[in-house]
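Below is one structure, written out as structure tokens, with a few remarks after it.
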Amino acid sequence: MKSISLRIILFLLLISFAGCKQNNSLSGSTITSSKNEIQYAKGLEIYKHKGFSILKITNPWPNAKENFTYILQEKNGIIPDSLKQFTVIPIPLKSIVVTSTTHIPALELLGVENTLVGFPNTDYISSVKTRKRIDAGKVREVGVNENLNTEVLIDMKPDVIVSFGLNSSNPTLDNLQKSGLKVMLNGDWTEQSPLGKAEWIKFFGALYGLDSKANSIFSEIKKEYNATLELAKKATTKPTVLSGAMYQEQWYVPQGESWAALFLKDAQSQYLWAETKGTGSLSVPFEVILEKAQNSDFWIAPGDFSSLKQMSDNNPHYSQFTSFKNKKVYSYAVNKGAKGGIIYFEWSPTRPDWVLKDLIKIFHPELLPNHKLFFFQKLE
């Protein structure tokens, strides 16, 4: 999704179905005088005040000990002295660089995609609106996430660079900040609940002064997800499900508390590793997978494969599974953008309702007879 190395890392995470370093403490009663606007996301907090907002990233990467606080200053807004120690960002933004395809849908849904001026490896972007801007030369290449092009970014002078961190070592981002650029970390990829990920649209809503629009969009997504969740409860069966694929002699499956596993649970299926603890991926020897899942009813998300032949050519052992023999293998890798970017990676965090509808259509087609699969496609 971002670079080859990160694609491997994020594959292992995604089968689980992308400022200066500061402390969490705020002096005075500022933080307690306003209600947190966030309900589901565990790593994001937004507090609205007259003339400014406080935006906090409390889980920028897994098991992070650092917090990041940003002050979003409205025009003529007065920032209290106690908050001037934090990065202050004037809003609404007029230009932005983002570094994950998961950020693109929020910009488009909010109607501010025209403010995007840079992205690392634009080929990964699939959304039609943003691709048109890329093709028109309005979005510049800015390197790769591990090594963003400092010279290009300094020349561009975007209002904000929204990036992410895999751990506390971010030398590229540190250099950008030392050069006077505003950098924000976004931790949407660490969220594990479907609605928790989707709620990060409010992060971008706050940057553009479009809080009400972001709230309205999220409310509609939440409504659709919960309605679909209730529909799933009418299912009369719970088919068994295998997920993941082989990578370097190990099979990686989503752990039972992960984003992907929660979807499978909400879709009223019996995911065979649902009882495992953790929110990442679990490496399992092939023999164990075969013994437990050889006769599973369905196989969901078998890596980046887009056909059964491609799977069997890669590993002949795949053909031993009943779900493979019965052609009940469904992949997110078929639906791609113009340059080969996988649309699931880009849009699924923002539209969990579409993911859930796909899975219910696969497992319980009688409940959604008119739904057309969007993210997942049956492999032939």
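The values are calculated or read from the model by the stated rules, or taken from the named source; none is laboratory data. Predicted model only: the values in this text are computed from it and were never measured. Cβ atoms come from the backbone with ideal geometry, glycine included; neighbour counts cover every protein chain shown. Accessible surface areas use protein heavy atoms only, side chains included; no ligands, DNA or RNA. Shrake-Rupley method; radii C 1.70, N 1.55, O 1.52, S 1.80 Å.
The table that follows gives values for the structure above.
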quantity	calculated
Dipole magnitude (debye, nearest 20) for the stretch 124-217, charges at Cβ of Lys, Arg, Asp, Glu	400 debye
Gyration tensor (alpha-carbon) shape descriptor, the stretch 192-252, a/c threshold 1.5	oblate
Inter-site label distance for Asn114 and Glu74 at 7 Å from Cα along Cβ, in nm	2.3 nm
Dipole-positive endmost among Ala206, Pro349, Trp61 within the chain (Cβ charges, Cα centre)	Ala206
Computed magnitude of the charge dipole of the stretch 307-352 (debye, nearest 20; Cβ of K, R +1, Cβ of D, E -1)	140 debye
Dipole-positive endmost among Val98, Gly111, Ile125 within the stretch 43-141 (Cβ charges, Cα centre)	Gly111
Average accessible surface area per residue within the chain, 1.4 Å rolling probe, Å²	43 Å²
Segment Lys336-Ser307, extension gain: residue separation times 0.36 nm, minus the distance between their alpha carbons	9.1 nm
Within the accessible area of the chain (1.4 Å probe), percent carbon and sulfur	49 percent
Cα-centred dipole magnitude for the chain, charges only on beta-carbon of K, R (+1) and D, E (-1), debye, nearest 20	680 debye
Stretch gain in nm, segment Thr276-Glu220, where the contour uses 0.36 nm per residue and the Cα spacing is subtracted	17.0 nm
Cα-projected label distance for Ser319 with Tyr40, points at 7 Å along beta-carbon direction, nm	4.2 nm
Most to least packed among 361-369, 233-241, 341-349 [average Cβ atoms within 10 Å]	341-349, 361-369, 233-241
Residues of type lysines that Lys157 reaches as a straight line, Cα spacing below 26 Å, ignoring anything fewer than 8 places off in the same chain	Lys2, Lys21, Lys56, Lys75, Lys84, Lys94, Lys129, Lys132, Lys138, Lys178, Lys182, Lys202
Linear extension gain, Ile154 paired with Asp135, 0.36 nm per residue minus alpha-carbon span	4.6 nm
